[in-house]
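Visitor: Have a look at this one before I ask anything.
The values are calculated or read from the model by the stated rules, or taken from the named source; none is laboratory data. All values reported here derive from a predicted model rather than from experimental measurement. Because the Cβ atoms are built from the backbone with ideal geometry, glycine has one as well, and the counts that use them run over all protein chains shown.
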Amino acid sequence: MFTKVSNSMLLASLLLLLPGSLGFLPTTIHHHHVMNKALKATVPAVDEATNSLTVTPIKSLDGTVTLPGSKSLSNRCLLLAALSEGSTKVDNLLDSDDIRYMLEALDQMKVPVEKHSESSVTVTGQAGPINSPLKEEEVCELFLGNAGTAMRPLAAALCMGEGKFVLDGVPRMRERPIADLVDGLKQLGADVSCVEETGCPPVTINANGLKGGKCSISGKMSSQFLSSLLMAAPVVDGDVTISIKDELISAPYVALTIGLMKKFGVNVEIEGDMDGTPSFHIAASEKYISPKSILVEGDASSASYFIAGAAITGGTVEVRGCGSDSVQGDVAFADVMEQMGAKVTWAPESITVTRDPSVRLKGVDVDCGKIPDAAMTLAVAALFADGPTTIRNVYSWRLKETERMKAIVAECTKLGATVEEFEDYCIIHPPKDNKINDNVLIETYDDHRMAMTFSLAACGGVDVRIHDPGCTAKTFPTYFEMLESITER
């Protein structure tokens with residue numbers, strides 16, 4: 001039978017942690033990234049001819065960093081606040097492209113959002129579904145860039161209200177699958193479809209409310225499909241049951257979603273094992289009620305760069321904003337660094353990492369299905385290890401901001417590694433004597449995590465040139481500034 005999720009099941013702390021203060025950029029959305037002006041003053045200037053930034057050799061990383069707000073939590077908080085009864089003050093909201101796309105969409109749909117400061121807004125909830133502000137025959141067109149954390153949840157949530165919508169994005173978004181989510185929504189009675197036959201956006205919605213029901217979806221491709229259905233379910237006029245028909249990847253992200261829903265007053269009942277083929281039930285009586293205020297935890301995926309940097313160089317870095325109380329699965333990346341030879345010290349809201357100079361990093365064989373974003377950082381840490389590193393269960397890399405598997409293989413190879421590529425895993429053999437090739441131009445493929453991950457190649461005592469460093473605006477506009485602040489040369 002279904003059982004209510006206990007607080008302990010839903011992750012030890014649902015208090016969304018420590019604020020790191022990053023604010024909004026102007027709400028006008030630019031499709032080409034521009035490096036932050038303040039950032040230019042503190043790190044090497046971008047070479048305008050090649051649109052690249054050179055990270056010079058890093059001797060060690062030492063110091064303390066406070067993380068920007070979590071992308072996943074920021075957009076989830078904004079959407080749940082919009083669906084709730086009452087107003088919600090959201091603090092430590094991430095300043096990034098993805099969050100601005102969500103804010104722009106809410107503004108376009110006339111959901112009141114009041115800005116208090118650079119990292120704080122109040123959202124006035126709709127006490128139910130979000131309806132189109134346009135006349136019945138008019139189509140509300142939403143452009144969501146390459147923000148999966150806006151595209152997927154909005155596609156589900158807008159099916160629950162009334163109105164005609166088209167959700168679209170940049171060319172890469174038109175290559176990112178959404179058919180499994182669309183199929184689940186159709187099973188619940190939604191009039192929703194992919195415009196093209198690719199199973200990718202644009203998505204068209206003719207919404208007229210839903211009465212609840214049952215659906216069964218695949219969880220193998222992305223946990224965002226399940227999270228999107230879960231978040232939309234409480235504004236359906238009836239019970240909703242969602243079943244996973246195969247396997248569920250990135251289960252910690254689903255636990256994060258369910259935990260956040262609980263903060264907004266909604267209980268999700270789970271049947272089965274989250275690591276198997278679970279089912280989720282949301283009763284018709286469950287409705288979102290504003291918690292009045294919520295604090296967005298620091299981004300655990302972004303923590304991985306500083307954690308790995310300390311492990312590689314033997315410096316000591318304290319990362320503030322997520323720790324043992326974190327609701328994010330990516331904090332487990334610190335455990336992987338410990339397996340490689342780092343020393344990790346946990347506190348409720350911080351992680352401190354170092355490495356004894358007499359201890360060399362060693363290659364590992366890790367199932368990264370629950371930490372796919374942080375697993376990218378492992379690929380670069382592997383260049384500095386003794387022996388090969390196997391990164392398993394990362395098929396989702398192929399569906400992200402770029403085709404990350406091919407991107408990682410290509411760029412690690414440039415740096416001197418030998419990489420064996422398989423469908424859902426890769427084996428990285430480090431360069432001979434861990435000597436990284438100097439002055440390599442890293443292609444970032446308009447993928448923020450490629451830029452940040454491969455900056456750590458400079459820990460090998462070489463220059464590394466990062467093409468299009470401004471792509472970090474997606475989640476961490478001040479990354480290079482923060483990296484520089486703890487770099488010793």
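Visitor: Is it the case that residue 420 is surrounded by fewer than 24 Cβ atoms within 10 Å (Cβ to Cβ), more than 30 Å from residue 144 (Cα to Cα) and not β-branched (Val, Ile, Thr)?
Guide: Details: surrounded by fewer than 24 Cβ atoms within 10 Å (Cβ to Cβ): yes; more than 30 Å from residue 144 (Cα to Cα): yes; not β-branched (Val, Ile, Thr): yes.
In short, yes.
Visitor: Which one of the conditions (1) within 30 Å of residue 347 (Cα to Cα); (2) at pLDDT below 95 does residue 43 fail to meet, given that it meets all the rest?
Guide: Checking residue 43 against (1) within 30 Å of residue 347 (Cα to Cα); (2) at pLDDT below 95, the one that fails is (1).
Visitor: Next question. So, in the stretch 391-435, of the ones that are touching a Gly at 6+ places or on another chain (Cβ under 9 Å) and of a type in the set (Ser, Thr, Tyr), which residue ends up farthest from residue 169 (Cα to Cα)?
Guide: 395
Visitor: Okay, moving on. Taking the condition of being within 24 Å of residue 301 (Cα to Cα), part of a loop (DSSP other than H, G, I, E, B) and without any contact (Cβ under 8 Å) to a residue 60 or more places away in the chain, how many residues in the stretch 423-452 meet it?
Guide: Here the count works out to 7.
Visitor: Let me ask something else about it. Within the stretch 366-386, how many residues turn out to be touching a residue at least 40 places away in the same chain (Cβ under 8 Å) and part of a loop (DSSP other than H, G, I, E, B)?
Guide: Residues flagged as touching a residue at least 40 places away in the same chain (Cβ under 8 Å) and part of a loop (DSSP other than H, G, I, E, B) within the stretch 366-386 amount to 4.
Visitor: Go through the stretch 466-477 residue by residue and tally those that are in contact with an Asp or Glu (Cβ under 8 Å, 6 or more places away or on another chain) and at negative phi.
Guide: Residues of the stretch 466-477 that are in contact with an Asp or Glu (Cβ under 8 Å, 6 or more places away or on another chain), as a first pass: 467-468, 471, 473-477.
Checking the rest, the ones that are also at negative phi come to 467, 471, 473-477.
Counting residues in the stretch 466-477 that are in contact with an Asp or Glu (Cβ under 8 Å, 6 or more places away or on another chain) and at negative phi gives 7.
Visitor: Inside the stretch 215-330, counting only helices (runs of 4 or more DSSP H) that do not spill past its ends, which hold 3 or more residues that are of a type outside the set (Phe, Trp, Tyr) and more than 26 Å from residue 93 (Cβ to Cβ)? Before the answer, list the steps.
Guide: On the way: elements: 223-232, 251-263, 300-313.
Output list reads 300-313.
Visitor: Any idea how many residues of the stretch 375-396 are polar (S, T, N, Q) and under 23 Å from residue 148 (Cα atoms)? Before you say what the answer is, go through the steps one by one.
Guide: Kept after step one, since they are polar (S, T, N, Q), are these residues of the stretch 375-396: 377, 389-390, 393, 396.
Now drop any that are not under 23 Å from residue 148 (Cα atoms), which leaves 377, 393, 396.
Total meeting the criteria: 3.
Visitor: Looking at this structure, is residue 166 outside any strand (DSSP E or B) and surrounded by 15 or more Cβ atoms within 10 Å (Cβ to Cβ)?
Guide: Values: outside any strand (DSSP E or B): no; surrounded by 15 or more Cβ atoms within 10 Å (Cβ to Cβ): yes.
No, not satisfied.
Visitor: I've got another one for you. In this structure, does residue 338 turn out to be part of a helix (DSSP H, G or I) and in contact with a strand residue (DSSP E or B) (Cβ under 9 Å, 6 or more places away or on another chain)?
Guide: Numbers: part of a helix (DSSP H, G or I): yes; in contact with a strand residue (DSSP E or B) (Cβ under 9 Å, 6 or more places away or on another chain): yes.
So residue 338 fits the description; yes.
Visitor: Taking only pairs six or more apart or across chains, which ones have beta-carbon atoms under 8 Å, a first residue in the stretch 289-305 that is over 18 Å from residue 124 (Cα atoms), and a second residue that is assigned to a helix (DSSP H, G or I) and aromatic (Phe, Trp, Tyr)?
Guide: Qualifying pairs under 8 Å: 300/333; 302/479; 303/333; 304/333; 305/479.
Visitor: List the number of the failed condition for residue 253; all other conditions in (1) modelled with pLDDT of 95 or more; (2) more than 30 Å from residue 58 (Cα to Cα); (3) of a type in the set (Ser, Thr, Tyr) hold.
Guide: With (1) modelled with pLDDT of 95 or more; (2) more than 30 Å from residue 58 (Cα to Cα); (3) of a type in the set (Ser, Thr, Tyr) applied to residue 253, the lone miss is (1).
Visitor: Does the stretch 71-85 contain at least one residue that is touching a residue at least 60 places away in the same chain (Cβ under 8 Å) and over 24 Å from residue 236 (Cα atoms)?
Guide: yes
Visitor: Here is a further query. Got a number for residues in the stretch 423-440 being within 26 Å of residue 468 (Cα to Cα) and exposed (fewer than 14 other Cβ atoms within 10 Å of the Cβ)?
Guide: Filtering the stretch 423-440 down to residues within 26 Å of residue 468 (Cα to Cα) leaves 426, 428, 430-431, 435-440.
Within this subset, residues satisfying the condition of being exposed (fewer than 14 other Cβ atoms within 10 Å of the Cβ) are 439.
Adding up the residues that qualify gives 1.
Visitor: So, one more: Can you list residue pairs whose Cβ atoms sit under 9 Å apart, with the first residue in the stretch 45-62 being among the basic types (Lys, Arg) and the second being assigned to a strand (DSSP E or B)? Count only pairs 6 or more apart in sequence or on different chains.
Guide: Close Cβ pairs satisfying both conditions: 59/487; 59/488.
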